[in-house]
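This report concerns only the one structure given below.
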Amino acid sequence: MVTALGGPALGRLSDAFGPRAALEIGGVACAAASLLAAGGLARLSGRTVKQAIRVRPRLENV
């Protein structure tokens with residue numbers, strides 16, 4: 001359903017402003033979807049996003 005609406009809309013945008021604008025909007029939409037998914041998954045696990053993406057130290061065998 002979303003593709004049926006988003007495809008023609010990005011096509012018109014690409015015709016009006018060039019293909020670069022359509023690619024930029026696609027990239028922004030991808031980044032926004034990733035952030036929303038990270039927030040949802042962190043909430044389901046009972047942590048904040050900051051806690052979920054924190055780098056954890058690893059032990060290495062020497």
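The values are calculated or read from the model by the stated rules, or taken from the named source; none is laboratory data. As the structure is a computational prediction, the values presented were derived from the model and not from experiment. Cβ placement follows ideal geometry from the backbone for every residue including glycine, while neighbour counts extend to all protein chains displayed.
Looking at (1) at pLDDT 80 or above; (2) surrounded by 11 or more Cβ atoms within 10 Å (Cβ to Cβ), find the lone condition where residue 49 falls short.
(1)
Scan region 31-46 for residues that are loosely packed, with under 10 Cβ neighbours inside 10 Å and closer than 29 Å to residue 10 by Cα and report the count.
0
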